[in-house]
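Worksheet: one structure, shown below.
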Amino acid sequence: MQMADASYTLPDEKGHFGPYGGIFVAETLIPALEELRLAYEACRVDPAFQAEFEYELKHYVGRPSPVYHAARWSRELGGAQIYLKREDLNHTGAHKVNNCIGQAMLARRMGKPRVIAETGAGQHGVATATVAARYGMECVVYMGSEDVRRQAANVYRMKLLGAEVVPVESGSKTLKDALNEAMRDWVTHIADTFYIIGTVAGPHPYPQMVRDFQCVIGRECIEQVPELTGRQPDYVIACVGGGSNAMGIFHPYIPYPDVRLIGVEAAGDGLDTGRHAASLSAGKPGVLHGNRTYLLQNEDGQIIETHSISAGLDYPGVGPEHAWLKDSGRAEYVGVTDDEALQAFHDLCRLEGIIPALESSHALAHAARLAPTLPNDRIILVNLSGRGDKDMHTVAEKSGIQF
Amino acid sequence: MSKIQARFARLQSERRKALIPFITAGDPSPAATLPLMRALVDGGADIIELGVPFSDPMADGPTIQRASERALAAGMSLRRVLGIVSEFRQQDADTPIVLMGYANPIEAMGIERFVDDAAAAGVDGVLVVDYPPQESEAFAARLKAAAIDPIFLLAPTSTEQRMRDVGRFGSGYIYYVSLTGVTGAGHLDHGQVAARIPAIREAVGMPVGVGFGIRDAASAKRIGEIADAVVIGSRIIEEIERAGEADAPVRVRALIGDIREALDSLPQGTA
């Protein structure tokens, strides 16, 4: 059995992961972030908070989510054995809800009756609206008007749950603009409002806090995979947009040096076409949305528009801890194109009876690329971060089918 | 003494308030900016805040975001902003210029190169909205070494400790954002602002400019009663939007002229 190395303690007290992370926001937000940091640090070591969080994850989300051996698909690919961490079976259909519960509980402790969120595809918006309904909180979700149009079903879902959905018309009318607008709302309503960020990005303490809430994914895997296979996996693969499902499964494995961590970014039409969302593979470090990290930007430092078939990966930045894991070499990052992701999507549907989210299909596609190059006794663990019901429309459109 | 500090010293000796208008460089076109800067000076501006457009201006409201989008669509960049400052300097050696913008365009250019080029162009102050003091100690020191004032923001929510930090890292003046919110927001609690200014001035040891929520001569005058400088931005951008490029300089000059007159009508020695 490999020895775990517990020396990894990032971020530092200022929220830095090496040169990344930090707090890059206007002065108006500084006191709110400080208030949040203190509240979170208290909850982090409070057994009552942790017990309530665990209770909610078990009884409301349905955790632990199983690890499933995709034996048929593995046989078809001919090589390593692929195991899937079934975050798609969570309540609301993705890993996002883990973090929303944690932050909503924190908001209640801080006495903030109103929560706001940004959303791209709508998954984080739905998870936030769900949790707000569960706790009786007012909820406002900002969503780019382009995404509102593309994701009508999720918009309706949020409204059913009692949330107000505000279409954002500025900039590229997508996720990054929704994030800008949510920040503006927060700065204007700081006294009674908690901003539930959906990914491991933004100013400190968000990257750390969201990671901590999502780490339940990896902690469960560390128990579950040996129960099934007798040992830890050789590879852990997850898709990376902002990077919360990947941090959630990677982080508990960081101390296991023999476990290779691979993040999969959206290569869209291909990394050489410029139409993609692969900030780690093709971007360079800069400052956006409160943290220093890898960004897709032009030579003047303006953020450029991204493309991916998967709205959840369509973001020009990435969580700062991923930037650090890349530079330090502890994790590696690769790209998967729209077409490769779609192929994996269809394969999993037909061979395993599981309809994966297009985001997760990127991770699956890389597993499908890797498995045939490895012997049969190798173990690949893929984070199946969400289910694909929300993507029916996109996939059908790609296949020339109209409902 | 920097050009900004000299300007404040002179105003103080004349018992007048500083008027600091903001425009976004390149809005609505790169060619429009120099005539607008001259109009601001002719109308009575003491210092010009020149916005460097950014694709994701998180701390700004819709008005300044629109100005940023127009400027970027017209091809504006940080490099070109520095070019405009150089050109302005050939005609006006005195009016201090403060660049106001976001960190990423500066980091993309490289901090050393930016500071060198800004100093060469004749920039007098730099305010980076998303560089709070704890993340910009080295940057502020480098600016100071190049005789450029690092300008910082303070907010109604800032703590005493925060004020002392800003006083240590910053120079020139402090930009007090008079309400929690984004630029261009409407409401302004005058009494609350008035109550905060003396403590801020005391903690930072430099002049305090107040911005956010100032719409016209009357609201500027009320701020002039309590602050050392009045910063006005979104209202000017709206005037440029309404006037169109050709008429904008005349209209902006008139707007600034009215505010100047109102500020100069304050009884001497206020605050």
task: Please determine, by comparing only the residues of the range B:95-107 that are within 11 Å of chain A (Cβ to nearest Cβ) and either in a strand (DSSP E or B) or without any contact (Cβ under 8 Å) to a residue 12 or more places away in the chain (or both), which one is farthest from the chain's Cα centre (by Cα).
output: B:GLU107
Test: B:PRO133 is farther than 22 Å from B:ILE47 by Cα and touching a helix residue (DSSP H, G or I) at 6+ places or on another chain (Cβ under 6 Å): yes
- request: Would you confirm whether any residue within the range B:26-37 is within 14 Å of chain A (Cβ to nearest Cβ) and either of a type outside the set (Val, Ile, Thr) or buried (at least 21 other Cβ atoms within 10 Å of the Cβ) (or both)?
  value: yes
message: Pairs please, first residue from the range B:132-159 and touching a residue at least 24 places away in the same chain (Cβ under 8 Å), second anywhere and assigned to a loop (DSSP other than H, G, I, E, B) and among the basic types (Lys, Arg), Cβ atoms under 6 Å, 6+ apart in sequence or on different chains.
response: none
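Among the residues that make up the range B:186-207, is at least one of them touching a strand residue (DSSP E or B) at 6+ places or on another chain (Cβ under 7 Å) and within 30 Å of B:SER86 (Cβ to Cβ)?
yes
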message: So if I check each of A:VAL334, A:VAL287, which one is surrounded by fewer than 24 Cβ atoms within 10 Å (Cβ to Cβ) and at pLDDT 95 or above?
response: A:VAL334
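Residue by residue, here is whether (1) surrounded by 16 or more Cβ atoms within 10 Å (Cβ to Cβ); (2) of a type in the set (Lys, Arg) holds:
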site	(1), (2)
A:THR9	no, no
A:HIS16	yes, no
A:ILE23	yes, no
A:GLU27	yes, no
A:ARG44	no, yes
A:ALA48	no, no
A:PHE53	yes, no
A:LEU57	yes, no
A:ARG63	yes, yes
- line: Scanning the range B:69-94 for residues that are more than 14 Å from every other protein chain (Cβ to nearest Cβ) and over 17 Å from the mean Cα position of the chain (by Cα) gives B:SER86, B:GLU87, B:ARG89, B:GLN90, B:GLN91, B:ASP92, B:ALA93
- request: Check whether at least one residue in the range B:59-66 is of a type outside the set (Val, Ile, Thr), crowded, with 24+ Cβ neighbours inside 10 Å and modelled with pLDDT of 95 or more, and report yes or no.
  value: no
- prompt: Given the structure, is B:ALA138 farther than 27 Å from A:MET183 by Cβ and of a type outside the set (Lys, Arg)?
  reply: no
- line: For the range A:176-188, pairs from a residue that is buried (at least 24 other Cβ atoms within 10 Å of the Cβ) to a residue that is part of a helix (DSSP H, G or I) and β-branched (Val, Ile, Thr), with Cβ under 9 Å and 6 or more apart or across chains, are A:VAL187/A:THR28
- prompt: Which ones in the range A:373-399 are closer than 15 Å to A:ILE237 by Cα and touching a Leu at 6+ places or on another chain (Cβ under 6 Å)?
  reply: A:VAL382, A:LEU384
- prompt: Has the range B:39-61 got at least one residue that is away from chain A (no Cβ under 14 Å), in contact with a strand residue (DSSP E or B) (Cβ under 6 Å, 6 or more places away or on another chain) and among the acidic types (Asp, Glu)?
  reply: yes
- line: Residues of the range A:258-297 being of a type outside the set (Gly, Ala, Ser) and within 14 Å of chain B (Cβ to nearest Cβ), in sequence order, are A:LYS284, A:PRO285, A:VAL287, A:LEU288, A:HIS289, A:ASN291, A:ARG292, A:THR293, A:TYR294, A:LEU295, A:LEU296, A:GLN297
message: Going through B:ALA108, B:ALA147, B:ALA121 one at a time, which residue ends up being surrounded by fewer than 23 Cβ atoms within 10 Å (Cβ to Cβ), among the small types (Gly, Ala, Ser) and under 20 Å from A:LYS284 (Cβ atoms)?
response: B:ALA108
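So which residues in the range A:90-107 are part of a helix (DSSP H, G or I) and either free of Cβ contacts under 8 Å to residues at least 60 places away in the same chain or surrounded by fewer than 17 Cβ atoms within 10 Å (Cβ to Cβ) (or both)?
Once the filter is applied, which keeps residues that are part of a helix (DSSP H, G or I) and either free of Cβ contacts under 8 Å to residues at least 60 places away in the same chain or surrounded by fewer than 17 Cβ atoms within 10 Å (Cβ to Cβ) (or both), the range A:90-107 yields A:HIS91, A:THR92, A:VAL97.
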message: Tell me whether the range A:108-115 contains one or more residues that are assigned to a helix (DSSP H, G or I), of a type in the set (D, E, K, R) and surrounded by fewer than 20 Cβ atoms within 10 Å (Cβ to Cβ).
response: yes
Residue check for B:LEU40: closer than 19 Å to B:ALA220 by Cβ and either surrounded by fewer than 24 Cβ atoms within 10 Å (Cβ to Cβ) or in contact (Cβ under 8 Å) with a residue 12 or more places away in the chain (or both): yes
- request: Output the residues belonging to the range A:187-237 that are in a loop (DSSP other than H, G, I, E, B) and among the hydroxyl-bearing types (Ser, Thr, Tyr).
  value: A:THR199
task: Could you tell me whether A:TYR68 is surrounded by 15 or more Cβ atoms within 10 Å (Cβ to Cβ), over 20 Å from the mean Cα position of the chain (by Cα) and more than 14 Å from chain B (Cβ to nearest Cβ)?
output: yes
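The values are calculated or read from the model by the stated rules, or taken from the named source; none is laboratory data. Note that this is a predicted model, so its numbers are computed, not measured. A quick note on method: Cβ atoms are made from the backbone with ideal geometry, for glycine too, and the neighbour counts reach across all protein chains shown.
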